[in-house]
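Here is the structure we will look at.
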Amino acid sequence: MHAVADFLFEVGFLHKTPRTGYRFLGSGTESVSEHSFRSAVIGYVLSKMRPDSDPCKLITMCLFHDLTEARTGDQNYVYKQYVTVNEEKAIRHFCNSLPFGSELGEILAEYKSRSSLEARLAHDADQLDLLLALKEQKDMGNSHADEWVPHLLKRLYSDEARSLAETIQRRNHKDWWFSDHEEWWTPDV
């Protein structure tokens with residue numbers, strides 16, 4: 001149980017691990033755990049759009065896809081040009097002592113290899129979370145956020161993710177709570 005408790009403390013460290021790409025964007029902040037949570041929700045949505053996928057496996061991949069960053073930090077696309085991270089070593093170290101470590105290691109290896117539908121959808125969920133964050137930044141005035149989008153769109157695998165990406169780009173991040181809710185803002189007196 002010591003290893004399981006330590007693992008849960010390690011997962012909590014992701015709350016304190018910043019995603020570093022925002023440094024280059026110039027605005028916005030997010031922790032790895034915040035990113036992983038919305039990626040998991042997106043994974044759930046994609047599993048509903050693709051009933052031939054295994055939703056549990058997909059959501060699990062989304063939740064844990066950046067787990068190694070508790071040990072390695074978040075390495076954005078610029079950092080990866082200069083820094084070599086040994087993710088396999090990090091995975092081996094936290095999986096070796098866990099009673100479910102081999103299963104977790106297999107999930108992470110499958111995610112990295114993109115060898116299954118779920119792994120490709122999990123990668124799509126990861127990218128769609130970034131697209132949502134970029135759209136939020138664009139809507140709030142960061143003109144540089146749009147510069148990242150064409151590269152992100154090239155990294156999508158599924159038609160469902162590409163379709164969702166098109167819709168995200170047409171929406172405003174505040175539409176869900178502001179548009180079409182006039183009664184919320186000017187109630188009858």
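Odds and ends about this structure:
Residue by residue, here is whether (1) open to solvent by 10 Å² or more (accessible area, probe 1.4 Å); (2) out of contact with any helix residue (DSSP H, G or I) (no Cβ under 7 Å at 6 or more places or on another chain) holds:
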| residue | (1), (2) |
| --- | --- |
| V41 | yes, yes |
| Y44 | yes, no |
| P51 | yes, yes |
| D54 | yes, no |
| L58 | no, no |
| M61 | no, no |
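- The residue pairs whose first member lies in region 51-67 and is over 14 Å from L108 (Cβ atoms), whose second member is assigned to a loop (DSSP other than H, G, I, E, B) and among the small types (G, A, S), and whose beta carbons are closer than 8 Å, counting only pairs six or more residues apart or on different chains, do not exist in this structure.
- Condition check for H35 on (1) farther than 21 Å from A145 by Cβ; (2) open to solvent by less than 20 Å² (accessible area, probe 1.4 Å): one failure, at (1).
- Within region 73-100, being among the small types (G, A, S) and either modelled with pLDDT of 95 or more or in contact with a Ser or Thr (Cβ under 8 Å, 6 or more places away or on another chain) (or both) holds for G73, A90.
- Qualifying residues in region 63-107 (those that are β-branched (V, I, T) and either touching a Pro at 6+ places or on another chain (Cβ under 6 Å) or part of a loop (DSSP other than H, G, I, E, B) (or both)) - the one surrounded by the fewest Cβ atoms within 10 Å (Cβ to Cβ): T84
- Residues of region 128-161 satisfying the condition of being exposed (fewer than 14 other Cβ atoms within 10 Å of the Cβ), in a helix (DSSP H, G or I) and within 17 Å of the chain's Cα centre (by Cα): H151, K154
- Of all the criteria given as (1) within 10 Å of the chain's Cα centre (by Cα); (2) not small (G, A, S); (3) not in a helix (DSSP H, G or I), the one not satisfied by P51 is (1).
- Among the conditions (1) within 18 Å of the chain's Cα centre (by Cα); (2) within 30 Å of S53 (Cα to Cα); (3) in contact (Cβ under 8 Å) with a residue 12 or more places away in the chain, the only one that A90 does not satisfy is (1).
- Scanning region 161-189 for residues that are touching a residue at least 24 places away in the same chain (Cβ under 8 Å) and closer than 16 Å to L130 by Cα yields A161, L164, A165, I168, Q169, R171, N172, H173.
The values are calculated or read from the model by the stated rules, or taken from the named source; none is laboratory data. Source: prediction; values computed, not measured. Backbone-built Cβ (ideal geometry, glycine too); neighbour counts: all protein chains shown. Accessible surface is based on the protein model in full, side chains and every heavy atom, while ligands, DNA and RNA are left aside. Shrake-Rupley method; radii C 1.70, N 1.55, O 1.52, S 1.80 Å.
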